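I have placed the structure first, in the form of C-alpha cells, so that the comments after it can refer back to it.
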Amino acid sequence: MTENYQLKGAVILSYRLAVTSDSIPQSLISLITFILLISPFIYIVFFSYLFGKILSKNINDPLSKLKHATENIKENNLDFNIEYPYNNELGEVISSFEEMKNELKNTLNKQWNMEEERKEIISGLSHDLRSPLTIIKGKVEMLLEGSYKNEDRLISYLDSINKSTDRSIELVNDLNLINKLDSSDFNINPTSNNVINFLNQQITNFKDMAESKQIKIKLITENIQKDLEYTFDKNSIIRVMDNIISNAIRHTDLHGEINIKVTLYKSKLYFKISDNGNGFSNDDLKFALNKFYRGDKSRSAKSGNSGLGLYICKAIVEKHNGEINISNNSLGGAQVSFYLKFN
C-alpha cells in the first residue's frame with residue numbers, strides 16, 4: 001500500500017495441512033485401517049456366535065427334557081412331569097408330549113385295574129366253585145362205592161348234589177350278571193310298577209323262610225298311596241330286595257324282626273331294610289359293597305356267601321341313578337339303605 005493507501009500489489013501464501021507419519025508409526029496406521037475394515041465382519045461373527053449359543057441352549061434344554069422323558073417311559077416310569085416355562089413352538093411340543101404321557105398313564109392304569117379285576121374274578125370263581133364241586137364229587141364217590149344201595153342215603157346224597165349244582169349255577173349266573181352290569185352298554189328296562197303291590201309280593205316271597213326262624217317282617221310306608229306307580233326295572237329291584245332280605249333273615253336270630261321302610265320323598269323312592277341281628281363288623285362297613293368281599297370266612301362258608309350279593313345290589317341301584325349305603329342301627333343290627341331316582 002502507498003502512503004496514500006493506494007494498492008500497489010498483493011502476495012498470496014498457500015499451505016496445505018496434512019497428517020504425516022513422522023510422529024505415528026506406519027504399522028499402527030495400517031492396523032487401525034485393517035480393524036476399521038474388518039470390524040463389521042467381527043460384529044457379525046460375534047453376534048452370530050452369541051445368538052447360536054442362546055438358540056442352542058433354548059433347543060437343547062427341551063430336547064434334553066424330551067429325551068429324559070422317553071427314557072423314563074421306556075423304563076415304565078410314568079410318574080414324572082416335564083417343566084418348560086416358555087410358550088413357544090417347543091413349549092407346545094412338550095405340552096403335547098405331557099398330554100400323551102398322561103393319557104398313556106391313564107390307559108395303562110385302566111388296563112392294570114382290568115387285569116387285577118380279572119385275577120380277582122378268577123380267584124373268586126375258583127374259591128366259590130370249589131365248595132359245591134367238592135361236595136358233588138364227594139357224594140358221587142360215596143355213591144359209586146355202594147351207598148346207592150341205601151335208599152334213604154341215596155335220596156339224601158342226590159338232594160345234596162342237587163343243591164350244590166344249583167349253587168354252582170347261581171354263582172355262574174351272578175358272574176354273568178356282574179359282567180353285564182359292568183358293561184357300559186348294559187341297559188335296564190324300567191317300567192311303571194305299583195309300589196304297594198311290589199312290596200307285598202316281596203314279603204310274601206320270604207314268608208316261608210322267615211317263618212322257619214319265627215322272624216317277623218314288618219312293612220312301613222310313608223307318602224305312598226295304594227295306587228302309587230313308580231318307574232324301575234322290576235326284575236332288577238327284585239334281585240336287590242332278594243339279596244338284602246335273605247341276608248337279613250340269614251343273620252337274624254330266632255324270634256327276630258326285620259323292618260322294611262319305604263318312603264317317597266322329592267321324586268326319590270327310599271328303601272331301608274333293618275334287622276336286630278348281629279349287624280356289620282367294622283370291616284364289613286368298609287368293604288361289604290366291594291366285589292368278592294366275604295367278611296367273616298366261617299360265616300361266609302356256612303351261609304354260602306360268595307361276596308357278590310351286595311356288589312350286585314350296588315351296581316343295580318346305581319343303574320337306577322341311586323345310591324346304596326350300609327350301617328348298623330340303634331339295636332346293633334344291620335341296616336341297608338338305598339334309593340331309586342327316575343322322573
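The values are calculated or read from the model by the stated rules, or taken from the named source; none is laboratory data. The shown structure was predicted, so the numbers you read here are calculated from the model rather than taken from an experiment. Note that we place each Cβ from the backbone using ideal geometry, even for glycine, and neighbour counts take in every protein chain shown. Note: accessible area is taken over every heavy atom of the protein model, side chains too, but ligands, DNA and RNA are not part of it. Shrake-Rupley method; radii C 1.70, N 1.55, O 1.52, S 1.80 Å.
A few remarks follow.
- Global geometry of region 131-262, whether rounded, prolate or oblate, following the gyration tensor of its Cα atoms and the 1.5 cut on a/c: oblate
- Distance in nm between pseudo-label sites at K268 and F34 (7 Å out along the Cβ direction from Cα): 9.3
- Counting only protein chain heavy atoms and rolling a 1.4 Å probe, the accessible areas of H255, H68, H320 rank, largest first, as H255, H68, H320.
- Take the Cβ atoms of N205 and K163, set R0 to 22 Å, and the FRET efficiency comes out at 0.70.
- Where [x] 174, 60, 36; [y] 146, 36, 33; [z] 80, 52, 39 are the candidate values, the label of the one calculated here for Cα extents along the principal axes in Å is [x].
- Cα long-axis angle, helix 89-144 against the chain (0 to 90 degrees, to the nearest 10): 20
- Filter on K119/K319; K216/K291; K101/K286; K101/K319; K101/K314; K163/K291 - keep pairs with C-alpha separation over 28 Å: K216/K291; K101/K286; K101/K319; K101/K314
- Sites excluded, GluC sites (Glu not before Pro) in DSSP loops with at most 16 other C-beta within 10 Å, longest stretch of the chain: 146-343
- Helix-only mean residue ellipticity at 222 nm for the chain, each DSSP H run of n ≥ 4 adding -39500 (n - 2.57), per residue, nearest 500: -19500 deg cm²/dmol
- Cα gyration tensor shape for region 30-100, rounded if a/c is under 1.5, else prolate or oblate: prolate
- For the chain, the longest principal axis of the alpha carbon atoms and the long axis of helix 26-74 meet at an angle near 0°.
- Estimated inter-spin distance, T231 and L129, nm [label 7 Å along Cα→Cβ]: 4.0
- Label-to-label distance, L50 versus Q214, with points set 7 angstrom from Cα along the beta-carbon direction: 10.2 nm.
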